[in-house]
Amino acid sequence: MRALGLPSPNILNGFHGSQSKDQSRILVGSRRYIDLLKPPSLKLNHCCRNHHHQFSIRMQANGEDDPARQMKEMAAARKRWEALIREEKVKVLAPREAGYAIQLSNKTLLDVRPSMEHKKAWVNGSTWIPIFDVDNTFDVGTLSRKITNFMMGGWWSGVPTLSYDKQFISKVNEQFQKDTDLIVACQKGLRSLAACEQLYNAGYRNLFWVQGGLEAAEEEDLEREGPQPFKFAGIGGVSEFLGWTDQQRAAAAKENWTYRLVFSARLVGLFILADALFIGAQQVGHYLHDLRS
């Protein structure tokens with residue numbers, strides 16, 4: 001908070017209610033974690049498997065399909081990001097501290113999430129410039145990546161194929177001077193770190209990174225706009241439909257039994273639909289067999 005020029009969080013207690021829980025371990029994927037310690041000992045030990053193909057050492061738009069290459073690039077990126085935080089070139093903020101900075105110091109929040117996350121929930125007054133967004137191109141290479149992404153879990157998580165926007169820095173330059181205080185945030189914290197690196201290399205020196213992303217924020221931390229809570233903005237696919245995401249389980253633990261009943265009914269409906277399709281396929285098979293006879 002000193003870096004923001006704001007009072008100590010202890011003085012600001014009550015502005016947003018009680019202090020948030022320890023966010024040193026932020027969930028970024030199914031049973032995968034990024035250990036985030038306070039600077040200068042920030043460590044990024046593990047990364048979400050779904051995000052490996054979305055980052056590259058040169059932030060290429062066309063990407064690479066070689067898993068070994070992706071792992072090497074992610075390892076190199078982690079080292080660079082650790083250095084940015086350790087050397088305080090990029091300062092770390094908890095979501096609640098980001099809320100204080102926006103409301104009390106009029107700092108700008110730069111939302112770098114892709115469109116499918118931003119349209120579900122966004123911070124009031126924030127500026128949206130995605131560093132990665134949904135890849136809507138259709139060619140042989142893109143189609144191959146889309147199929148691979150879908151088969152490797154996209155159908156379950158709802159995460160589409162993303163591509164890096166080569167115009168990201170130029171779009172930021174159009175709206176912000178190099179001396180602007182920018183609070184950079186994404187859904188889980190990885191893409192925003194990549195954005196901070198790009199921005200620092202482009203000459204921005206007043207950068208703040210939201211640790212754990214908007215998913216780590218409580219509803220009282222930031223002024224939200226949009227139809228869903230921040231925690232639900234990054235989920236999708238079959239897992240969201242059935243209510244089997246960690247975010248939905250946490251919400252179900254706080255809600256009454258009607259919340260769980262909805263997803264139980266969806267699961268039963270899914271089984272009924274599968275049975276109906278199976279029986280229908282059998283009937284069609286018998287009908288075709290009779291025609292051939």
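Every read-out reported here was derived from the displayed coordinates using simple, explicitly stated rules and does not represent laboratory data. Quick caveat, the model's predicted, so the values are computed rather than measured. Every residue, glycine as well, gets a Cβ built from its backbone with ideal geometry; the counts of neighbours run over all protein chains shown.
Overview of values
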item: Approximate spin-label separation VAL238-SER105, in nm, with each point projected 7 Å along Cα-to-Cβ; result: 4.6
item: Pair ASN206, SER170: separation of 7 Å Cα→Cβ label points (nm); result: 2.6
item: nm² value of the averaged projected area, convex hull over the Cα atoms of the range 164-254; result: 7.2
item: Euclidean distance between Cα centres, the range 62-131 to the range 141-191, Å; result: 10
item: Links that overshoot a 30 Å alpha carbon limit, given the list LYS119/LYS254; LYS72/LYS254; LYS89/LYS254; LYS72/LYS120; LYS146/LYS254; LYS119/LYS178; result: LYS72/LYS254; LYS89/LYS254; LYS72/LYS120; LYS146/LYS254
item: Segments 145-154, 206-215, 275-284 sorted - mean Cβ within 10 Å per residue, highest first; result: 206-215, 145-154, 275-284
item: Potential extension, ARG292-ASP246 segment - 0.36 nm per residue separation minus Cα distance; result: 11.4 nm
item: Estimated distance in nm for a label pair at GLU220 and VAL134, the labels positioned 7 Å out from Cα along Cα-to-Cβ; result: 3.5
item: Kirkwood-type radius of the range 95-235, with distances r between different C-alpha atoms, in Å; result: 15.7
item: Computed lengthening from GLN177 to ALA253, 0.36 nm per intervening residue step minus Cα-Cα distance; result: 22.9 nm
item: Efficiency of FRET from Cβ geometry, ALA274 and ARG69, R₀ 45 Å, rounded to 0.05; result: 0.70
item: Quarter of the Cα convex hull surface for the range 110-188, i.e. its orientation-mean projected area (nm²); result: 6.2
